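What follows is a short report on a single structure.
The values are calculated or read from the model by the stated rules, or taken from the named source; none is laboratory data. Since the model is a prediction, treat every value here as computed from it, not as a measurement. Cβ placement follows ideal geometry from the backbone for every residue including glycine, while neighbour counts extend to all protein chains displayed. Calculation scope for accessible area: heavy atoms of the full protein, side chains included, ligands and nucleic acids excluded. Shrake-Rupley method; radii C 1.70, N 1.55, O 1.52, S 1.80 Å.
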Amino acid sequence: MKLLLICLLVITGTLSAQTGDSGNTKSPTKIFGTVKGEKDSLIEGANIVIEGTIDGATTDEKGNYEFETEQAGSKNIIITAIGYAENIMMIEIESGKEMNVNIKLTKDEVKTEEILVTASSYTSGTNAAVTLTPLEIVRIPGADADLYRAITTFPGSNQVNEGSRITVRGGDPDEVLTVLDLASLYNPFIFDETFNVSSYSTINPWGLKGINFTSGGFSAKYGNVLSAVLDLKSYDMPQGSGMFAWVGLANASLSGVYLSRDGKFGGSFSAGKLFLQPYLAINGEYSEYSPIPESNQIGGTLSYKLGTSSNLKAYANYSDDKVGIRNQSPSFDGFYESSSNSYFGNVKLITGLDNSTVLNAGISISKYDRDYSYGLIKSDQKDIYAKGRVDITKQINNKIELNTGLEYEYDGYDLTGIFPQYQYNIRPGAQSFGIDTAQNSGRAGIYAETQIKPSDDFFVIPGIRTDYHTLSGKFSFDPRLSFGYRLSEHNIVRGALGYYHQYPGIENYLRAEENDLDAQNAIHYILGYEFNSGGDILFRVEGYYKDYSNLVLTNPVNFLYTSEGEGNVKGVDMFFKVKIKNKFTGWISYAYTDSKRKQYEATKLVPANYDITNNLSVVGSYNATEQLVLGAAFRVSTGKPYTPVIASEFVKLQEAYKPIYAEINSGRFPTYTTLDMNAQYIFSLFGKFAVGVIAVNNVFNKKNLYNYTYNVDYSQRIETYSNNRRSFYAGLGLQL
Amino acid sequence: MKQNLVKLLVVIMMIMITGIANSRDDFEDAMLKARKSLTEASEKNDEALLKKARGQFERILQLKKDPWLVNYYIALADYSLSMTGSASNDTKTVKQYTESGISTLQKSIDLKPDFVESYILMKALNFNRWQYEQEKMQEIISATSAADVEASKLEPENPRYVLLNGISSYYTPESFGGGMNNAIPNLEKSIDLFSKRKEKSELYPEWGKDLAYGYLAMALVKRNDDGDMTKAKDMIDEGIKLFPSSGFISEYVMSEYKKSQSK
């Protein structure tokens, strides 16, 4: 009997153990209701569960749910649904009764990255506000797979002479800074500043993991730049191993990447050659060349992963170019001959100092040699830049991030050559003078900025930087502020204001008294609105005003440079981008600019050299099949200003005519238009991946003006057209 | 009396053992039920049922046991749901469930980095990204390659890994290294590996065998070399025999086969 009692006790105990919270468990309760989102939208697939149990249900297509539970008393129910924030509610379950529990969920948007895009920025990367991708760069018709040319399809930027140099919001090309992995790139081009030969960039867009182009209001970490920043970040490690060869009508290249099996070591190389003979044979020569433009490029990277959060990377690149092109000017008709070579090297270290602190450090050196001759002019210019930089990012908490850093940059300039005594007479044998000069300068800069994000809908970035210029002995001081506010789910307002300084190019100090030139100053005011549907539709409109001071200006008495120049620019940028599934991507960008400067020889405010009043680009790319992509791009813009010649006088001593100019930049070139088209076809060749490209640039063969020149006595104006007429290009790429 | 007592004790012991076993099996029972729901929903390719199955796994997370495995199944349900979007060309759905799947699966990998099935699924989920963000080509290649390297390191002969390589070749143009001649050997090998496989735990994933039969049949139909059509029909028949409720084989694959025959 005793044993029986023990057994009964055991049974009772066991049953109790099985039911767990026996005190709270009663007869079943039916819980039902509806789960709704914002604006009472019904949510299908939401999950409702009583915390700590598996009692719950999933909503049907009408948002309804229903389940039974034996739980009783105060219980938390957890409600989750993809795309919505988790909701936890406490309910009082009365045993055996039916309970109607209706639930409301709010959207859980990924807001952080999207909102943190600053004003005037066009970026690539992983967030929803991406406006530019490497794939688009290589597919934009007319961009010739060139990053800079691609950027000119965005509002606010324009091509210089149809090449890769860009100007931004009416500024000069040298007011745009390119940064690659902390290093400043001053000459990432071939055929830079060469008469009527388009320049091309030497940067491979596929090697970039991040592209951030900011046409104003940029961060305090960028110093010594007045107008815009193109900040490029390359991959710390190659993304795999392989080789690729390209042969086209005008160029050939071979590139390769290697990643070790353990992912700790990687390297890449690229080599390319430009040869225009076949291209010109098919498309015709619109100028006389001797030699025909030619160029070589070779470069590579080595990367080593030092630890889980440390990486060391070295990058080197060499390029050269050579061209002779016939040009007729009033005092000389002959070949403009130019050659250049450029070296660039950079070593970058990234390492985590602790869980919330990252250090980036880099040193770089670049050397650019350029010779050109035309008539009596013979110029040999050498530039050397070296830079060291350290940046530290510290995540204080999830709302505050601190960025600080310092940099030192060396700039060496060497010019030798023969130049005309009078600009209007470059005939060989005319009066000339020799130059053999060298100058160098240093600049030290330090900055700090704080990214404050009080909520997911608002950020503000106050920053400050100061720079010291060793040659002039002048300081500059730049307070800056950037902010963004989300008005509603898809609507964002952004703005920026601040001081931006840039010291004049070192060659300007040669014409200044005791190197007394201040840093040129621009105050940026920017306010913009953005609608972003989450990636498929993006619309931006932005208004800006920039107030310039301390621009370089010629003293009319002694012809020395001073810092008395001034100017302003106002404008509106508009950008509309649409993506329809994976079939179509296109955008329309429009910019209105009114840029006036009193600079260099101007005696009053006149249109700036690159005051392009209206600029419209329409770009589209259509995936006709999985293998065939078709693209078209149309651009139209106001012609750039120029200074007309209104008369001339014969100078007997020089045996040449001297032009008499109208007011600076009082004339305008005709409207510029071009339509470019391309097609890319992916197929298999010898069992390997292959891509074929055909492109027709300037489809309607529009004769866009490059420059005006004149006959000997300036009585007749002669139009020099751009050589970028209708042209056909074909190329074939093959994976090896 | 003594005999009766002994009988009673036996009964009590049985009740106790059953009770203890039941309390220990709450998680396993729930997992097996949820997996059955997921398998049935996947076979029917029914979005509503897939969402319900996903919900079952989400609720199991509350038991706080092996969350890495539960999260794996949630991600698997997400993958199946993304495929329903894919079938109806609804890129919004593909994106929604692919992104949810990737983030959920990452939680699983963080908790158990040596579970090969997670990397196989991660590769499949990242492959889905082609459907809605082709422009992020490099990131996708990087993510799929990373998952592939881990999976091949952990278990290169996993039938689902081999199956996925076969499916990947099936959808990839020959010019990108895919094509039917690359797909077929992988799909055949996958079927062979499935037939020899015994999972370490009954809770481990068992999906994929029906897909191997179906895709092999479709790859043979596409290649359509001498004898391929007959072999494709054999694969369909065998698949239907083994998986009578698989809508994928009996409806989708069969219709592809019939379409090809009518040409």
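For an R0 of 41 angstrom, estimate the FRET efficiency from the Cβ-Cβ distance between residue A:444 and residue A:529 and round to the nearest 0.05. Step by step, r from the Cβ atoms, then E = 0.60. Residues of the stretch A:177-224 that bury at least 10 Å² of accessible area when the other protein chains are present, relative to the chain alone (probe 1.4 Å, heavy atoms, ligands and nucleic acids excluded): A:206. Apply the a/c threshold of 1.5 to the C-alpha gyration tensor of the stretch A:132-204 and tell me whether it is rounded, prolate or oblate. Here the stretch A:132-204 falls in the rounded category.
Simple spin-label estimate for residue A:262 and residue A:457 gives 5.1 nm between the two label positions (7 Å along the Cα-to-Cβ direction from each Cα).
For the segment B:50-63, counting C-beta atoms of other chains within 10 Å of every residue's C-beta and taking the mean gives 6. Spherically averaged projected area of the convex hull of Cα atoms, the protein assembly as shown: 48.4 nm². Summed over the residues of chain A and divided among them, the accessible surface reaches 44 Å² per residue at a probe radius of 1.4 Å.
May I ask you to give the percent of accessible area on the stretch A:115-735 that is carbon plus sulfur, with a probe radius of 1.4 Å?
Working: 15040 of 25810 Å².
C and S fraction of accessible area: 58 percent.
Taking 7 Å steps out from each Cα toward its Cβ at residue A:419 and residue B:225 produces label points 7.3 nm apart. Qualifying trypsin sites (Lys or Arg not before Pro) in the stretch A:208-272, where qualification requires a DSSP coil assignment and no more than 11 other C-beta atoms within 10 Å, comprise A:261.
The fraction of all Cα pairs in the stretch B:82-153 landing in successive 5 Å bins from 0 to the largest distance is 3, 18, 26, 25, 17, 9, 2, 0, given as whole percents.
Taking 0.36 nm per residue of separation and subtracting the current Cα-Cα distance, fully stretching the chain between residue A:99 and residue A:694 would add 207.4 nm. Pairs from the list A:273/A:322; A:97/B:51; A:546/A:596; A:75/B:52; A:305/A:348 with a Cα-Cα gap above 19 Å: A:97/B:51; A:75/B:52. For the residues of A:602-608, the average number of beta carbons from a partner chain within 10 Å of their own beta carbon is 0.
Given a 1.4 Å probe and no ligands, DNA or RNA in the count, how much accessible surface is buried by B and A, both sides, to the nearest 100 Å²? Before the final figure, lay out the partial values.
Numbers: alone 14600 and 34040 Å², together 44950 Å².
Summing both sides, the interface buries roughly 3700 Å².
By the rule of a C-alpha distance below 18 Å, with chain neighbours fewer than 8 residues away ignored, the aspartates and glutamates paired with residue A:583 are A:136, A:536, A:626, B:90, B:133, B:135. Shielding of peptide A:49-60 by partners, expressed as the average count of other chain Cβ atoms within 10 Å per residue Cβ, is 5. Measuring only protein heavy atoms, the 1.4 Å probe finds residue A:32 accessible over about 60 Å². Residues of the stretch A:669-691 falling in the label zone of residue A:614, defined by backbone nitrogen less than 13 Å from a point 7 Å along Cα to beta-carbon, are A:671-673. If R0 is taken as 60 Å, the Cβ-Cβ distance between residue A:671 and residue B:29 corresponds to a FRET efficiency of 0.20.
Three semi-axes describe the equivalent ellipsoid of the stretch A:320-470; taken as square roots of 5 times the Cα gyration tensor eigenvalues and ordered largest first, they are 48, 17, 15 Å. Given the options B:52, B:65, B:44, state which has the largest fluctuation in a GNM of chain B using a 10 Å cut-off (strictly under) for Cα springs. Highest fluctuation among the options: B:65. In summary, the lysines within cross-link reach of residue B:112, defined as a Cα separation below 21 angstrom excluding same-chain residues under 8 places away, comprise B:64, B:65, B:123, B:153, B:198, B:200. Just so you know, the averaged projected area of the alpha carbon convex hull for the stretch A:15-109 sits at 5.9 nm².
Roughly how many percent of the accessible protein surface of the stretch A:15-109 is carbon and sulfur, given a 1.4 Å probe and a whole-percent answer? Don't skip to the answer; put the middle values down first.
Numbers: 2140 of 4880 Å².
Ligands and nucleic acids excluded, carbon and sulfur give 44 percent.
R0 = 45 Å: FRET efficiency of residue A:725 with residue A:537, Cβ-based, nearest 0.05?
On the way: r = 36 Å, r/R0 = 0.80.
Given R0 = 45 Å and the Cβ-Cβ separation, E is 0.80.
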